[in-house]
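Single-structure report; data block below.
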Amino acid sequence: MERVFVDTNIILDWLSQREPFFIYAKQLFLKGENKEVKVLISTMSFISTEYILRKQIGKEKAKQALAAIRTISEVCTSGEKEIDLSLVSSFKDFEVAFQYFSAINNSAKVIITRNPKDFTKSKIPVMSAEEYLKSIK
């Protein structure tokens with residue numbers, strides 16, 4: 001089963017039903033739920049998503065949404081190694097570097113994001129949810 005790293009913006013596209021990206025994010029997570037792909041999410045994405053959702057829908061609904069995602073995803077292990085690599089990386093953005101090294105160090109085969117330009121230094125493919133879904137048909 002292919003391991004796909006899902007960036008925070010894709011999670012928010014699904015949970016916040018952000019058009020026109022919602023349908024592709026939903027389809028991606030359905031593939032995870034159906035065990036067609038292994039969805040990897042960083043600890044930072046869980047924290048950032050909760051923060052944003054809490055402001056939109058309230059604390060309890062945000063936690064319920066994250067609990068639902070947790071049942072169909074794997075939380076990437078991360079810590080000192082990812083922080084240290086991010087601190088010395090050539091990525092312009094520390095958060096992007098942390099997401100990248102979390103993906104790499106958890107054996108992701110692709111990074112799925114709406115901001116591919118942030119990952120120009122990636123050594124693995126970077127795609128939108130729409131591009132990824134079309135690539136596996």
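I want to confirm something. Restricting to the range 109-132 and keeping residues that are at pLDDT 95 or above, crowded, with 19+ Cβ neighbours inside 10 Å and in a helix (DSSP H, G or I), which single residue is farthest from the chain's Cα centre (by Cα)?
Among those residues, the one meeting the criterion is Y132.
In the range 25-51, what count of residues is obtained for those that are out of contact with any strand residue (DSSP E or B) (no Cβ under 9 Å at 6 or more places or on another chain) and more than 19 Å from S102 (Cβ to Cβ)? Even if it seems obvious, please write down each step before you answer.
First pass over the range 25-51, keeping only residues out of contact with any strand residue (DSSP E or B) (no Cβ under 9 Å at 6 or more places or on another chain): 26-27, 30, 34-35, 44, 47-48, 50-51.
Retained after the next criterion (residues that are more than 19 Å from S102 (Cβ to Cβ)): 26-27, 30, 34-35.
Final tally of qualifying residues: 5.
What tally of residues in the range 53-62 results from selecting those that are within 19 Å of K26 (Cα to Cα) and surrounded by 14 or more Cβ atoms within 10 Å (Cβ to Cβ)?
Qualifying residue count for the region: 3.
Can you pull out the helices (runs of 4 or more DSSP H) entirely within the range 18-108 that have at least 1 residues that are farther than 23 Å from E131 by Cα? Step through it out loud before you land on a result.
Details: elements: 22-33, 43-57, 59-71, 80-88, 94-105.
In the range 18-108, 43-57, 59-71, 80-88, 94-105 are the helices (runs of 4 or more DSSP H) which contain 1 or more residues that are farther than 23 Å from E131 by Cα.
Report the residue count in the range 1-17 for those that are assigned to a loop (DSSP other than H, G, I, E, B) and either modelled with pLDDT of 95 or more or in contact with a Ser or Thr (Cβ under 8 Å, 6 or more places away or on another chain) (or both). Write out each step before concluding.
Here is the first cut: in the range 1-17, the residues assigned to a loop (DSSP other than H, G, I, E, B) are 1, 7, 16-17.
Okay, now just the ones that are also either modelled with pLDDT of 95 or more or in contact with a Ser or Thr (Cβ under 8 Å, 6 or more places away or on another chain) (or both), so 7.
Adding up the residues that qualify gives 1.
Taking the range 15-25 as the region of interest, how many residues are farther than 21 Å from F119 by Cα and surrounded by 15 or more Cβ atoms within 10 Å (Cβ to Cβ)?
So the first thing to find is which residues in the range 15-25 are farther than 21 Å from F119 by Cα, and the list is 15-20, 22-23.
Narrowing further to those that are surrounded by 15 or more Cβ atoms within 10 Å (Cβ to Cβ): 15-16, 22-23.
Going through the range 15-25 one residue at a time, the tally reaches 4.
The values are calculated or read from the model by the stated rules, or taken from the named source; none is laboratory data. No experiment lies behind these values; they were computed from the predicted model shown. Counting neighbours? That spans all protein chains shown, and the Cβs are built from the backbone with ideal geometry, glycine included.
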